[in-house]
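Heads up: the structure comes next, in structure tokens.
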Amino acid sequence: MRKQIAAANWKMNLTLTEGEALLDAISAKPHTLAPNQEAIYAVPFPYISMAQAKVGAKTNVYVAAQNCSNKLSGAYTGEVSVTMLQSMCVKYVVIGHSERREYFNESNELLAQKVDACLENQTTPIFCCGESLAIREAGTQNDYVAGQLTESLFHLSETAISHVVIAYEPIWAIGTGKTASSDQAQEMHAFIRSHIASKYGASVADSISILYGGSVKSANAVEIFGQPDVDGGLVGGASLIADKFVAIINALKK
Ligand code: 13P
């Protein structure tokens, strides 16, 4: 059974004190995770230790990084390597968020290197893909997303790609309040799965969790997560509010 995941992406938000208060408020609200469900908090690098201390030994709850370097060590001032993250017991890293692609010029080729760095160091990449509004309006979103997957993931072995989590985040839905409809999400998730199946076979494709991201809220999470190929969400704005994120965790499929 595929893992169902509610992943919070705090992006560059919250002070340390606000982050602590948010995790305390989430802990205080009733939510349980079934054995196939996980909650993940992708926090800014300096808050990783704090978040791990707050999350403690809670079952199926993890702290993630929002990025890592493609290099493992060396003279790269300001960068953080996956080996550093691994040494802090970080299990997941968000790779290739559209904001990193857009503002930091991260290419599919660079992201392939970051994915390799993660997988070679027992860290799971949450690999983001998704098209802009112009591409959606031109109707070429499937080719575009297929290109992102092919160029950054299709060099991997069958075993390696099975350890990747994919997040489909249409750029036009990020932070805009304009969510993809559940049908649009399902259509793209099914396409992503079929594209993976075309290279790796159906059983590998069926084992990979594909999260939806882009204006997920407590009000739409049940419907979106209820789609057969949607295995949870990567959540920005609504993950910063305890009530909303708890409702999103509770919307995961069992
Ligand atoms: P919003 O949920 O704020 O639209 O952000 C989505 C996102 O980019 C998560 O990575």
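Please treat every number below as a calculation from the coordinates, not as lab data. These numbers were taken from a predicted model, which means no experiment stands behind them. Heads up, the Cβs are rebuilt from the backbone with ideal geometry, glycines too, and the neighbour counts pull from every protein chain shown.
Ignoring lysines fewer than eight residues from LYS3 along the same chain, the ones with Cα atoms less than 27 angstrom from its Cα are LYS11, LYS29, LYS54, LYS58, LYS91, LYS114, LYS178, LYS199, LYS217, LYS244, LYS253, LYS254.
For the chain, the 222 nm mean residue ellipticity estimated from helices alone, with every DSSP H stretch of n ≥ 4 adding -39500 (n - 2.57) and the total spread over all residues, rounds to -12000 deg cm²/dmol. With 0.36 nm allotted per residue and the present C-alpha distance subtracted, the PHE191-THR150 stretch has 13.4 nm of extension available. If I take R0 = 51 Å and measure r between the Cβ atoms of GLU18 and ALA134 in this structure, what FRET efficiency does the formula 1/(1 + (r/R0)^6) give, to the nearest 0.05? For GLU18 and ALA134, the calculated efficiency is 0.90. Counting Lys and Arg as +1 and Asp and Glu as -1, what is the net charge of the other residues whose Cβ lies under 11 Å from the Cβ of HIS155? Local net charge: -2. Which shape class applies to the chain: rounded if a/c is under 1.5, otherwise prolate when a/b exceeds b/c and oblate if not, where a ≥ b ≥ c are the square roots of the Cα gyration tensor eigenvalues? Since a/c stays below 1.5, the shape of the chain is classed as rounded. Shown in residue order for region 165-178 are the 3J(HN,Hα) couplings computed by the Karplus curve 6.51 cos²θ - 1.76 cosθ + 1.60 at θ = phi - 60°: 9, 10, 10, 8, 10, x, 4, 5, 9, 7, x, 9, x, 9 Hz (x for Gly and Pro). In this structure the amide hydrogen of ASN67, modeled in the peptide plane, comes within under 5 Å of the amide hydrogens of VAL94, none closer than 5 places in sequence on its chain. Each of ASP243 and LYS178 was given a label point 7 Å from its Cα along the Cα-to-Cβ line. The distance between the two points is 2.8 nm.
All other residues whose Cβ lies under 10 angstrom from that of GLN66 are scored, Lys and Arg at +1 and Asp and Glu at -1, for a net of +1. In terms of surrounding Cβ atoms within a 10 Å radius of their Cβ, ILE95, ILE161 rank from fewest to most as ILE161, ILE95.
Expressed as a whole number of Å, what is the distance separating the alpha-carbon centroids of region 134-206 and region 13-77? If you average the Cα positions of each part, the centres end up 25 Å apart. Between ARG2 and SER198, the distance separating the two model label sites (each 7 Å from Cα on the Cα→Cβ line) works out to 1.8 nm.
Close amide H pairs (under 5 Å, H built 1.01 Å from N) link PHE127 with ILE95, VAL165, ILE166, ALA167, residues at least 5 positions away or on another chain. Panel order for VAL222, VAL94, by other beta carbons found within 10 Å of each beta carbon, from fewest to most: VAL222, VAL94. Proximity of backbone amide H atoms, modeled 1.01 Å from N, is registered between ALA8 and ILE40, TYR41, ALA42, VAL235 at under 5 Å, excluding neighbours fewer than 5 places apart on the same chain.
Listed by Cβ neighbour count within 10 Å, with the fewest neighbours leading, THR32, THR140 appear as THR32, THR140.
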